[in-house]
Amino acid sequence: MHQPIINLTELMLELWREQGNCRSGDTSSDDWPWAVLKGDVWKAHGKAVADAASYFPQSFDRTPRNPAQKLSSGYKAWELLLYFYGLGPGLFYELLPETYYRHYCKLVVGIRIMYQHTITPQQLTLAHQHLLEWVYEFEILYYQRKMERLHFVRQCVHSLVHLVPETLRIGPPSLSAQWTMERVIGHFGSLIKQPSNPFANLTEQAKKITEINAIIAMWPDLEKVQKNPRGSIDLGDGYLLLWPKDHKPYRLSPAEWEALNTFYSGLPNAGITRRYIYRWGRLRIPNGQTARSYWKEVIRVSNSARTDRMLKVHDLISIVTYV
């Protein structure tokens, strides 16, 4: 959590913005060809980051705010992750000089692989290769083997060399990252109701939670199971159709009917003969996320509305309800 997101992003943004300890510690008079995030360019870049918020699904939680305005005022680690490793390859393209952009992309490839919950040996090899190349090229491109720039090579840079070997030893970093601990700390902090005696109150709240967890572990039936929402249809395999839904049958246009018929043409016993269907507004997918249909999503007029209609489909759903 801290090494790739907070520490590395701080270092690279200081270099690209020509600010912070990196600039003040460099006593040479050389220009920085990589320092492109300055003035109007930095403001335009920050606006592009903020404008991308509506394209993140709701399941992505907090979206990155404008770094030109909010980077030094409570910018969250999650925002940095989505900004630097998610949006970055698109937003830094043709902004950074090509040599520095290629170098940056090697870091993105390695960190994205290391954030997976399941990592194959081939992916580990690829990540290790890119991270080693990134560390070596960092010294060539930025540090340039100059004593006055030795402070560029921070611990977060060197630790990338050990990231893959340690993953082989203890498993994917996501299993031991600090995200879970930070979430627990935040939850306990929200339970404190006695500011005059916070530590004693925190102890009692933690004790209460552990007692509840122990009881549920002994009698799992005591835990309340959330039922499916009223009016929903369970399609099986973790898929659930959710309201809103058409109150009366919707007539397919010729183009819609042709598209639907083409979709089902490769399935056994398939053949769409009816021109009327019921449209559903939302679909819960197996990982717990909720996708919206274009039909209902475009009706929302809020500038902060998020896009939830993009899905990666691995298997076709053979169950459909129509009239």
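Among residues of the stretch 211-260 being aromatic (Phe, Trp, Tyr) and either in a helix (DSSP H, G or I) or in contact with a strand residue (DSSP E or B) (Cβ under 9 Å, 6 or more places away or on another chain) (or both), the one that is nearest to residue 281 (Cα to Cα) is 243. Counted as qualifying within the stretch 94-210 are the helices (runs of 4 or more DSSP H) with 3 or more residues that are more than 25 Å from residue 11 (Cβ to Cβ), at pLDDT 85 or above and under 24 Å from the mean Cα position of the chain (by Cα), namely 121-138.
When residue 135 is tested against (1) touching a helix residue (DSSP H, G or I) at 6+ places or on another chain (Cβ under 7 Å); (2) under 30 Å from residue 58 (Cβ atoms); (3) among the β-branched types (Val, Ile, Thr), exactly one condition is not met: (2). For the stretch 236-262, a residue qualifies if it is farther than 20 Å from residue 297 by Cβ and of a type outside the set (Ser, Thr, Tyr), and the qualifying residues are 236, 237, 238, 248, 249, 251, 254, 257, 258, 261.
Within the stretch 237-258, the set of residues being modelled with pLDDT under 85 and loosely packed, with under 13 Cβ neighbours inside 10 Å comprises 237, 238, 258.
Taking the stated definitions as given, is residue 282 charged (D, E, K, R), at pLDDT 75 or above, in contact with a helix residue (DSSP H, G or I) (Cβ under 9 Å, 6 or more places away or on another chain) and in a loop (DSSP other than H, G, I, E, B)? No. Taking the listed residues 126, 202, the one that is farther than 25 Å from residue 3 by Cβ and surrounded by 13 or more Cβ atoms within 10 Å (Cβ to Cβ) is 202, with no other qualifying. Once the stretch 38-63 is narrowed to residues that are within 23 Å of residue 14 (Cβ to Cβ) and touching a residue at least 40 places away in the same chain (Cβ under 8 Å), the residue that is surrounded by the most Cβ atoms within 10 Å (Cβ to Cβ) is 49.
Every condition in (1) under 24 Å from residue 115 (Cβ atoms); (2) out of contact with any helix residue (DSSP H, G or I) (no Cβ under 9 Å at 6 or more places or on another chain); (3) assigned to a helix (DSSP H, G or I) holds for residue 90 except the one numbered (2). Cβ-Cβ distances below 6 Å connect no pair with a first residue in the stretch 150-166 that is in the same structural domain as residue 28 (by TED's automatic domain parsing), a second residue that is part of a loop (DSSP other than H, G, I, E, B) and modelled with pLDDT under 90, and a separation of six or more residues or different chains.
I'd like to know if the stretch 149-161 contains one or more residues that are closer than 19 Å to residue 179 by Cβ and surrounded by fewer than 19 Cβ atoms within 10 Å (Cβ to Cβ). Yes, the conditions are met somewhere in the stretch 149-161. The requirement of being touching a helix residue (DSSP H, G or I) at 6+ places or on another chain (Cβ under 7 Å) and within 23 Å of residue 310 (Cβ to Cβ) is fulfilled somewhere in the stretch 32-50, by at least one residue. Reported count of residues in the stretch 176-199, each being under 18 Å from residue 1 (Cα atoms) and without any contact (Cβ under 8 Å) to a residue 40 or more places away in the chain, is 7. Number of residues in the stretch 64-74 that are surrounded by fewer than 19 Cβ atoms within 10 Å (Cβ to Cβ) and either under 14 Å from the mean Cα position of the chain (by Cα) or under 20 Å from residue 7 (Cβ atoms) (or both): the value is 4. The single condition among (1) at pLDDT below 90; (2) surrounded by fewer than 13 Cβ atoms within 10 Å (Cβ to Cβ); (3) under 30 Å from residue 292 (Cβ atoms) that residue 90 does not satisfy is (1). Set side by side, the residues 68, 77, 127 differ, and just one is among the small types (Gly, Ala, Ser) and in contact (Cβ under 8 Å) with a residue 60 or more places away in the chain, which is 77. Taking each residue of the stretch 84-95 that is within 15 Å of residue 63 (Cα to Cα) and looking for partners that are crowded, with 17+ Cβ neighbours inside 10 Å and polar (S, T, N, Q) with beta-carbon atoms closer than 9 Å, six or more apart or interchain, yields 84/9; 85/9.
The values are calculated or read from the model by the stated rules, or taken from the named source; none is laboratory data. Keep in mind that this is a model prediction, so the values were computed, not measured. Backbone-built Cβ (ideal geometry, glycine too); neighbour counts: all protein chains shown.
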